[in-house]
Structure formats: structure tokens, C-alpha cells
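Nothing in this text is a laboratory measurement; each read-out follows from the coordinates by a stated rule. Just so it is clear, the model here is predicted, and its values are computed rather than measured. Positions of Cβ are backbone-derived with ideal geometry, glycine not excepted, and every protein chain shown enters the neighbour counts.
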Amino acid sequence: MKIALACDHGGVNLKEAIKKHLIGLGHEVVDFGVNSSESVDYPDYALKAATSVANKETECGILVCGTGIGIGIAANKVRGIRCATVGDTFSARMTKAHNNANMIALGERVTGLGLGLDIVDAYLNSEFEGGRHQTRIDKMMDIEKNHL
Ligand code: RB5
């Protein structure tokens, strides 16, 4: 898969570990930064990765900040993005299966590297179940259409 990655200064180490892991699995990674611990504003990097997913230049995206919350909220402001902040493998699996999330966000200050990589695997190895979940997604996307 072609996967977008981005982080702020609070997520560089986990982002780098995820990048290495994904490349090792044979995925193509588009890294939108950052690559240093110098303080930056997470919306700037959420926007770059989310835009590439929304424009279908990448198939899905993985974001990291300190908590995974700010960068996830910012990504969800881009039309067409469904980004879930996840800190466990069950949620990672379910957000693909039920929400067809096209991005996930993790928090490096919350989640260790080992669990972080398991979360990524759980998300990427899950399938959207469609059916009643598609109806609910359609309703979510209608909200986006009418309110954003
Ligand atoms: C940066 O200090 C921190 O606020 C950011 O990484 C993230 O946790 C925000 O939600």
C-alpha cells in the first residue's frame, strides 16, 4: 500500500519506527515530516498527509503527535477524512471494520513503540465490513457536506 505519514515534534520517534516497520513490510511510505524535535504546529503536518489521502495520492495515513489527539482533530477538518485516534489494537481494528477510517492517529507520549506498531498492523490488516456501517458512514459524510 501507499501510506502517508506525518507527525509533530512530539511524535518523531514513533513515526520513524512506524516508517521503518512499514517499509520492512513492503509498503510505500510518503513521509510528510517532521524529522526533528524542533517545536512545530501539528495542524500543518496533519493537513499535508490528510490532503494526500483525501486526493487519493495515498491510500491511507498514519499520524503521530504527543497524544494523537490534536493531529487527529486537525486531519478530520479535511473533507473526506475519517481519522481515529487509537491507543489499543481493538479500536484500531474496529475503526477500519466499522468506520472505514482512512487515517489513524497515535500518541507517542501515550503509547509505547511496541504497542504502536501492533496498532498499525491491526489497522492495516483489517477490512471494512460495509452493510449497515456504510449507511452510518454515509450519514457522517452528509453531516460533513452540510456543515463544513
Ligand atoms: C505538542 O506539545 C503537543 O501538544 C502535541 O504533540 C499534541 O499532543 C497535541 O494534541
Only listed residue being in contact (Cβ under 8 Å) with a residue 40 or more places away in the chain, within 16 Å of the ligand (Cβ to nearest atom), part of a helix (DSSP H, G or I) and closer than 25 Å to residue 142 by Cβ, chosen from 74, 46: 46
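Yes/no per residue for (1) more than 16 Å from the ligand (Cβ to nearest atom); (2) assigned to a loop (DSSP other than H, G, I, E, B); (3) more than 25 Å from residue 133 (Cβ to Cβ):
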{"position": "22", "(1), (2), (3)": "yes, no, yes"}
{"position": "33", "(1), (2), (3)": "no, yes, yes"}
{"position": "62", "(1), (2), (3)": "no, no, no"}
{"position": "70", "(1), (2), (3)": "no, no, yes"}
{"position": "90", "(1), (2), (3)": "yes, no, no"}
Just the residues that are within 16 Å of the ligand (Cβ to nearest atom) and either surrounded by fewer than 20 Cβ atoms within 10 Å (Cβ to Cβ) or among the small types (Gly, Ala, Ser) (or both), please, taken from region 95-111. 105, 107, 109, 110
Filter region 1-12 down to the residues that are touching a helix residue (DSSP H, G or I) at 6+ places or on another chain (Cβ under 7 Å) and either among the hydroxyl-bearing types (Ser, Thr, Tyr) or within 16 Å of the ligand (Cβ to nearest atom) (or both) and list them by number. 5, 6, 7, 8
Return yes when residue 127 is more than 14 Å from the chain's Cα centre (by Cα), assigned to a loop (DSSP other than H, G, I, E, B) and not hydroxyl-bearing (Ser, Thr, Tyr) and no when it is not. yes
Based on this model, can you work out whether residue 51 counts as away from the ligand (no atom under 15 Å from the Cβ) and either among the aromatic types (Phe, Trp, Tyr) or in a loop (DSSP other than H, G, I, E, B) (or both)? no
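Yes/no per residue for (1) surrounded by fewer than 23 Cβ atoms within 10 Å (Cβ to Cβ); (2) of a type outside the set (Gly, Ala, Ser); (3) farther than 30 Å from residue 131 by Cα:
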{"site": "38", "(1), (2), (3)": "yes, yes, yes"}
{"site": "44", "(1), (2), (3)": "yes, yes, yes"}
{"site": "52", "(1), (2), (3)": "yes, no, no"}
{"site": "93", "(1), (2), (3)": "yes, yes, no"}
Going through region 77-88 one residue at a time, which ones are within 15 Å of the ligand (Cβ to nearest atom) and either under 18 Å from residue 126 (Cβ atoms) or not basic (Lys, Arg) (or both)? 83, 84, 85, 86, 87
Taking region 106-120 and keeping only residues that are touching a residue at least 60 places away in the same chain (Cβ under 8 Å) and either of a type in the set (A, V, I, L, M) or assigned to a helix (DSSP H, G or I) (or both), one is left with 106, 113, 116, 117, 120
On the given criteria, is residue 56 assigned to a loop (DSSP other than H, G, I, E, B), more than 16 Å from the ligand (Cβ to nearest atom) and either of a type outside the set (Lys, Arg) or surrounded by fewer than 17 Cβ atoms within 10 Å (Cβ to Cβ) (or both)? yes
